[in-house]
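The values are calculated or read from the model by the stated rules, or taken from the named source; none is laboratory data. Everything numeric here is computed off the predicted structure, so don't read it as measured data. Glycine gets a Cβ as well: all are built from the backbone with ideal geometry, and neighbour counts include every protein chain shown.
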Amino acid sequence: MNERIFGLDFGTTNSLAAFVADGEVRALTDNDEKPLPSVVWYRGSETVVGRTARAHIDSLDGGGTPGFVRSPKMMLRRDGPVHIDGRALDAADIVSEVLAHVRSQAELLHGHRIDRAVLTVPVDFAGPERRALRIAARKAGISVVHFVHEPAAALYAYLRNQLNYQHQLALLENKAVLVFDWGGGTVDLSICRVLGGVVKQIANRGNDNVGGDHFDERLRNHIRDKHSEHYGIFDLFSREQPGAAATLLSQCELAKIELSVHDRYTVLARDYIVGNQRERNLSVDVTRNDLEALSHDLVRKGLEEIDIVLEQARLDRHDIELCLATGGMVNMPIIWNGLIERFGARVPKLVNRDRIIAEGAAWIAHDQLGLQLSKPLEILVAGDQGRGEWLPLVDAEFSLPVENETAAATNRRFYCTDPRDGQAVFEFGKPRKVGLVQPKDERETVALLTMPVDQTARPLLERLECKVQIDHDYVAKVTVASGTEGRAVEKEIHSLDFGLALPQPNER
């Protein structure tokens, strides 16, 4: 890989690209030194993307101006078209507009054509979402070299910035690391372990009901109420100027950011409503205490996610060796203090928390890191004494393919033990934990496949060939064929777990 392969963090609220040149990582922000909003505006025959589109969103009275799309990333989970302003659009087409905009801005700043990227994804993005995202990227002129989980990218960026990388890596071997990412759309948590030089996720949580956008909306409602109360206005919504709601929401986002540093901020919106000269201009003072009181329950719920994910991993707070706090919301003192109360000095203060995921992806591209399965893909077979036994089909160390490749993962031969009902049932699974797996450990079934067999044949006569291929979207295709009857059936498995293979000593 080289410096023209960039890292791309396609976020729910904002997106950001980064690249490495001359040993330094550079985030490709816009003219305001901020990430690019993931917003699309279909304005007639014109498509507007990014900050200009965000500035014109009018969410008046809880609705939205036709033609605007916020958080298109979540649309990749939907089946069927997305209806925007009377038009049926494919989600991949909408997402491609954002990715193309990020790419064009990156090329302007970088000075070179950029058409390959390491693209980060949430840990709960399965095969269908990754496929849809690759299609969107291709439409934007971007070839995806790798998909990398966002927490793994954040952790690698942190490690890459350490003076003694190998020493820090050794300290984290088999230790639990919590990546706590609170952004505008969601709060996402992932507990990782570094096992044998591979970053693996062992537990994940997400909550899209406490993202930073909810804080902005509450602050906007509070400011509306204050302005209405001051001037005795009882029909403020009906008197808001077109676009005024969006302007006020942007001002509230800015106020939230400023109140992380200052105790007081004045929210201004000129010509906010139709009215006389005194009441038409909005000017309301808000304090940090106001914001914290308005959002107290959101903060509590977001921080409670920590205890939930720890319980899921069967850990407690003392088991966390390092807590990486990323995302803009962590700048709020009440949230930051909540993390310090739980983990103390194990929460380093990151200066690049709004860029760390994109920068991690850029370093992964630059250092030519690969991905491996973090859990084996297994098959349940008949064992001794009539008990089922899980056997690995694809080992956890299997290296995943890069762009435009498909890897033959395994080709195993089995025999039908009981053909009397005319069917052979194949059950595929994976361990619920990472690391060394014992036969008694709990498994999660990921797919069932039924193969017709000759029910007149005697046991152990019909030979069944099982072949597994894994593509560049980390989707496994399982094919079972009868060596005697000539039949074959296929099944796709979309929920493989994968981790980031870190460079070994002397590789950097």
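Looking for whichever is out of contact with any Ser or Thr (no Cβ under 9 Å at 6 or more places or on another chain) and aliphatic (A, V, I, L, M) here; the options are 501, 481. Which one fits?
Working: 501 fails: out of contact with any Ser or Thr (no Cβ under 9 Å at 6 or more places or on another chain).
That would be 481, the only listed residue that is out of contact with any Ser or Thr (no Cβ under 9 Å at 6 or more places or on another chain) and aliphatic (A, V, I, L, M).
If we scan the range 163-171, do we find a residue that is farther than 30 Å from residue 310 by Cβ, touching a residue at least 24 places away in the same chain (Cβ under 8 Å), assigned to a helix (DSSP H, G or I) and not small (Gly, Ala, Ser)?
no
Against the condition over 29 Å from the mean Cα position of the chain (by Cα), at negative phi and either in the same structural domain as residue 26 (by TED's automatic domain parsing) or at pLDDT 90 or above (or both), how does residue 462 come out, does it pass? If you could, list the steps in order and put the result at the bottom.
On the way: over 29 Å from the mean Cα position of the chain (by Cα): yes; at negative phi: yes; either in the same structural domain as residue 26 (by TED's automatic domain parsing) or at pLDDT 90 or above (or both): yes.
Spelling it out, residue 462 is indeed over 29 Å from the mean Cα position of the chain (by Cα), at negative phi and either in the same structural domain as residue 26 (by TED's automatic domain parsing) or at pLDDT 90 or above (or both).
Test residue 257 against the criterion of being at pLDDT 85 or above and either over 36 Å from the mean Cα position of the chain (by Cα) or at positive phi (or both), and give yes or no. Before the answer, list the steps.
Values: at pLDDT 85 or above: yes; either over 36 Å from the mean Cα position of the chain (by Cα) or at positive phi (or both): no.
It is false that residue 257 is at pLDDT 85 or above and either over 36 Å from the mean Cα position of the chain (by Cα) or at positive phi (or both).
Restricting attention to the range 4-28, which residues are in a loop (DSSP other than H, G, I, E, B) and farther than 15 Å from residue 361 by Cα? Spell out the reasoning first.
Going residue by residue through the range 4-28, those that are in a loop (DSSP other than H, G, I, E, B) are 4, 11-13, 22-23.
Residues satisfying the conditions are 12, 13, 22.
Name the single residue that is nearest to residue 327 (Cα to Cα) among those in the range 260-294 being out of contact with any Lys or Arg (no Cβ under 6 Å at 6 or more places or on another chain) and hydroxyl-bearing (Ser, Thr, Tyr).
Only one residue fits best here, namely 260.
Tell me the strands (runs of 3 or more DSSP E) entirely within the range 412-491 that contain at least 3 residues that are surrounded by 12 or more Cβ atoms within 10 Å (Cβ to Cβ) and out of contact with any Asp or Glu (no Cβ under 8 Å at 6 or more places or on another chain). Working first, answer last.
On the way: elements: 423-431, 443-452, 463-471, 476-482.
Once the strands (runs of 3 or more DSSP E) in the range 412-491 are filtered for at least 3 residues that are surrounded by 12 or more Cβ atoms within 10 Å (Cβ to Cβ) and out of contact with any Asp or Glu (no Cβ under 8 Å at 6 or more places or on another chain), what remains is 423-431, 443-452, 463-471.
Being acidic (Asp, Glu) and surrounded by fewer than 19 Cβ atoms within 10 Å (Cβ to Cβ) is the filter here, so list the residues in the range 124-140 that pass it. First the steps, then the outcome.
Restricting attention to the range 124-140, the residues satisfying the condition of being acidic (Asp, Glu) are 124, 129.
124 - this is the single residue of the range 124-140 that is acidic (Asp, Glu) and surrounded by fewer than 19 Cβ atoms within 10 Å (Cβ to Cβ).
Taking interchain pairs and intrachain pairs at least six residues apart, which have beta carbon atoms under 6 angstrom, with the first residue in the range 414-438 and small (Gly, Ala, Ser) and the second buried (at least 20 other Cβ atoms within 10 Å of the Cβ) and assigned to a loop (DSSP other than H, G, I, E, B)?
Partner pairs satisfying both residue conditions: 424/416; 424/453.
Here is a check on your reading of the model: is residue 185 farther than 23 Å from residue 367 by Cα, touching a residue at least 12 places away in the same chain (Cβ under 8 Å) and part of a loop (DSSP other than H, G, I, E, B)? Break it down into steps so the answer makes sense when it comes.
Numbers: farther than 23 Å from residue 367 by Cα: yes; touching a residue at least 12 places away in the same chain (Cβ under 8 Å): yes; part of a loop (DSSP other than H, G, I, E, B): yes.
When the stated conditions are applied, residue 185 passes them.
Do we have any residue at all in the range 208-218 that's of a type outside the set (Phe, Trp, Tyr), more than 14 Å from residue 329 (Cα to Cα) and surrounded by 20 or more Cβ atoms within 10 Å (Cβ to Cβ)? It would help to see each step written out before you state the result.
From the range 208-218, those of a type outside the set (Phe, Trp, Tyr) are 208-214, 216-218; that's our starting set.
Filter once more, keeping what is more than 14 Å from residue 329 (Cα to Cα): 217-218.
Going one step further and asking which of them are surrounded by 20 or more Cβ atoms within 10 Å (Cβ to Cβ), we end up with none.
For the range 208-218, residues of a type outside the set (Phe, Trp, Tyr), more than 14 Å from residue 329 (Cα to Cα) and surrounded by 20 or more Cβ atoms within 10 Å (Cβ to Cβ): absent.
Somewhere in the range 440-450, is a residue more than 29 Å from residue 191 (Cα to Cα), in contact with a Pro (Cβ under 6 Å, 6 or more places away or on another chain), free of Cβ contacts under 8 Å to residues at least 60 places away in the same chain and outside the structural domain of residue 160 (by TED's automatic domain parsing)?
Within the range 440-450 (the criterion being more than 29 Å from residue 191 (Cα to Cα), in contact with a Pro (Cβ under 6 Å, 6 or more places away or on another chain), free of Cβ contacts under 8 Å to residues at least 60 places away in the same chain and outside the structural domain of residue 160 (by TED's automatic domain parsing)), the answer is no, since none of the residues qualifies.
Here is a list of conditions, (1) part of a strand (DSSP E or B); (2) closer than 30 Å to residue 290 by Cα, and residue 210 meets all of them except one; can you say which number that is?
So the condition that residue 210 fails would be (1).
Looking only at the range 308-315, decide whether some residue is small (Gly, Ala, Ser), over 17 Å from residue 149 (Cα atoms) and surrounded by 19 or more Cβ atoms within 10 Å (Cβ to Cβ). Working first, answer last.
The initial filter retains those residues of the range 308-315 that are small (Gly, Ala, Ser), namely 313.
Okay, now just the ones that are also over 17 Å from residue 149 (Cα atoms), so 313.
Subsequent filtering for residues that are surrounded by 19 or more Cβ atoms within 10 Å (Cβ to Cβ) retains 313.
Looking for residues that are small (Gly, Ala, Ser), over 17 Å from residue 149 (Cα atoms) and surrounded by 19 or more Cβ atoms within 10 Å (Cβ to Cβ), one finds at least one in the range 308-315, hence yes.
Small (Gly, Ala, Ser), over 15 Å from the mean Cα position of the chain (by Cα), at pLDDT 85 or above and surrounded by 19 or more Cβ atoms within 10 Å (Cβ to Cβ) - does that describe any residue in the range 61-75? Please lay out each step first, then the result.
Looking only at the range 61-75, we keep the residues that are small (Gly, Ala, Ser), and these are 62-64, 67, 71.
In the following step, the residues that additionally are over 15 Å from the mean Cα position of the chain (by Cα) were identified as 62-64, 67.
If we keep only those that are at pLDDT 85 or above as well, we get none.
No; the residues of the range 61-75 include none that is small (Gly, Ala, Ser), over 15 Å from the mean Cα position of the chain (by Cα), at pLDDT 85 or above and surrounded by 19 or more Cβ atoms within 10 Å (Cβ to Cβ).
In contact with a helix residue (DSSP H, G or I) (Cβ under 7 Å, 6 or more places away or on another chain), surrounded by 18 or more Cβ atoms within 10 Å (Cβ to Cβ) and within 14 Å of residue 499 (Cβ to Cβ): is that true of residue 198 in this structure? Steps first, please.
Values: in contact with a helix residue (DSSP H, G or I) (Cβ under 7 Å, 6 or more places away or on another chain): no; surrounded by 18 or more Cβ atoms within 10 Å (Cβ to Cβ): yes; within 14 Å of residue 499 (Cβ to Cβ): yes.
No: the conditions fail for residue 198.
Consider residue 351 against the criteria (1) of a type in the set (Val, Ile, Thr); (2) surrounded by fewer than 18 Cβ atoms within 10 Å (Cβ to Cβ); (3) at pLDDT 95 or above; (4) within 30 Å of residue 21 (Cα to Cα): it satisfies all of them except one. Which criterion is unmet?
Among (1) of a type in the set (Val, Ile, Thr); (2) surrounded by fewer than 18 Cβ atoms within 10 Å (Cβ to Cβ); (3) at pLDDT 95 or above; (4) within 30 Å of residue 21 (Cα to Cα), residue 351 violates only (3).
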